[in-house]
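Comments concern the structure below.
The values are calculated or read from the model by the stated rules, or taken from the named source; none is laboratory data. Only a predicted model underlies this, so the values are computations on that prediction, with no experimental measurement involved. All Cβ positions, glycine included, derive from the backbone under ideal geometry; neighbour counts span all protein chains shown. The protein model used for the area step is the full one, side chains on, heavy atoms only, and it has no ligands, DNA or RNA in it. Shrake-Rupley method; radii C 1.70, N 1.55, O 1.52, S 1.80 Å.
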Amino acid sequence: MSKNKSIDTAEAESFFDERKNMSRRTFLRVASASVGALALGNASMSLAARRTGVAMRYPLHIPPTVSPEGFGLSAAPVTVDLGGGKFSAALAYNKSLPGPTFRANRGDLASIQLTNGLEEETTVHWHGMIVPPNADGHPRDAVAPRGGQYLYEFPISQRACLNWYHPHPHMLTGKQVALGLAGAFILNDAEETALGLPSGTYEIPLIVRDASLDNGGNLQYTPKSGGFLGNIPLVNGTLNPKLDVDKALYRFRVLNGANARIFGLALSSGSQFILIGNDGGLLESPVSVSQIDISPGERLDILVDFRSLSVGTRVMLRDLREGWDLLEFVVASNIGVAGSIPTGTLSTIPKLTNPITTRAFSFDGMSRINGKVYDMNRIDFRVPFGQTELWSFTTKGNAPHPVHVHGASFQVQSRTGGRGAIFPWERGWKDTVLLEDGETVNVLIRFDGYRGLYLIHCHKLEHEDMGMMSNFEVV
Ligand code: C2O
Ligand code: CU
């Protein structure tokens, strides 16, 4: 293992040195545009911080909601306000960090035209959406820089859930996501609507990630082979965010949009989250939990109850792993909103059973699956359409490896070694599951959407970019 590791480390280091030089070149140009704005923003920030001695909190940014029917999406360098006039150079979809939130109903047809305004190639992957291979954002379908276009067209035929769109270009995913390209995609269906869950201003997407800023206050990507870890949290692209809430029940659609960081979410009040869903939509029934671990690419659907709190109460959404304050809720109005916490059955989830084949995937080193570094032109295995299989994920080191599969959702069956258990947020349908050192995680999976080329990879984006990814074909 140590031999493997040193080979991998050497590979990784040269890979990232090359990338670093590239990203500095493309990024400097963007950064210089925002220098004037920056000087202002930082000056007022440091004054305010000195005066109060505590972090200034800024209103949580909530990206605009759009329909995916006939939508024009651009990816381009921009300057964004991270909060309180702290401007940063970024790469963003439609000038928004995060990008606009797509909202669609089961049965709609998404038709999204990407224009690539970056200085390098990109693609858009609709993480969690079951789409035909040519709309999946596979790196082979790279869209040319400086104006290249690509039409992503797919029917929305899966159950209600929260998904994530982000770039997936060959070896550039980590950089483009870290610099800002990401957004939420919310699907609704009749089953979910019938539950009468909090909606409108009471249903809020929260894209949680970490970031690093350079001396000019600009988002900075400093990749490491063990995964990029930033030194500050951002929620919906906002630094030190706060959200004024009514005395109401809120539904938060949470997505871990970090390159490599796992968050351990909890509320400072000690109250529990009412967990109602995850990657693939609603769970069978709600579960109350006081702490939830969420790794890159995973999603959560949680209810938080502010109904009995008095005006002025502050509750912090915290990350227990790093000890970070992520988002402060301030009960700001006496507006009481009815709404009830669902009990009993939320959804009926048909269980996958009787796998016809077992496949083993070993996440080796920092850049390999089953000993192989990703090759865009090599198909590593073929999976029969419509048949249930058992996939077994293992690793001997360099975890965490959040394992993600394109083209289908799966059901987690067991975790042995390591943490040795399946957690409440891993029930139901998943497309990303966390693999820690020494663990074997078994899942059942069935591809009944489309035939063709899909990917399995580690969602620690630096591992993905270094090659911890495989092509497979559904036949
Ligand atoms: Cu969220 Cu293949 O990725
Ligand atoms: Cu990994």
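Overall, the anisotropy analysis places region 368-407 in the oblate class: the square-rooted eigenvalues a ≥ b ≥ c of its C-alpha gyration tensor yield a/c not less than 1.5, with a/b not exceeding b/c.
Suppose every K and R has +1 on its Cβ and every D and E has -1 on its Cβ; what is the size of the dipole of region 95-252 about the Cα centre, in Debye to the nearest 20? Can you show the working numbers first?
Working: 12 positive and 15 negative charges, 51 e Å.
In debye, rounded to 20, region 95-252 gives about 240.
When the Cα positions of MET466, ASN354, THR123 are compared along the charge dipole of the chain, MET466 comes out farthest toward the positive end, with charges on each C-beta of Lys, Arg, Asp and Glu.
Only four residue types carry charge here, +1 at the Cβ of Lys and Arg and -1 at the Cβ of Asp and Glu. Report the dipole size of the chain about the Cα centre in Debye, rounded to the nearest 20.
Details: 44 positive and 46 negative charges, 146 e Å.
In total the dipole reaches around 700 debye.
Computed with a 1.4 Å probe over protein heavy atoms only, the accessible surface of region 301-415 comes to 44 Å² per residue.
For region 342-390 versus region 182-253, the inter-centroid distance based on Cα atoms is 28 Å.
Say the cut-off is 18 Å between C-alpha atoms; which of LYS86/LYS175; LYS242/LYS460; LYS175/LYS224; LYS351/LYS430; LYS242/LYS430; LYS175/LYS460 go over it? Going by Cα-Cα distance, LYS86/LYS175; LYS242/LYS460; LYS242/LYS430 fall outside the 18 Å limit.
Rounded to a whole number, what % of the accessible area of the chain do carbon and sulfur atoms account for, probe 1.4 Å? Before the final figure, lay out each step's value.
Details: 9110 of 17530 Å².
Using a 1.4 Å probe with all protein chains present, the chain comes out at 52 percent carbon and sulfur.
Based on DSSP H segments of at least four residues, each scored -39500 (n - 2.57), the chain has a per-residue ellipticity at 222 nm of -4500 deg cm²/dmol. Entry comment: accessible area of region 74-129 is 28 Å² per residue, from protein heavy atoms only and a probe of 1.4 Å.
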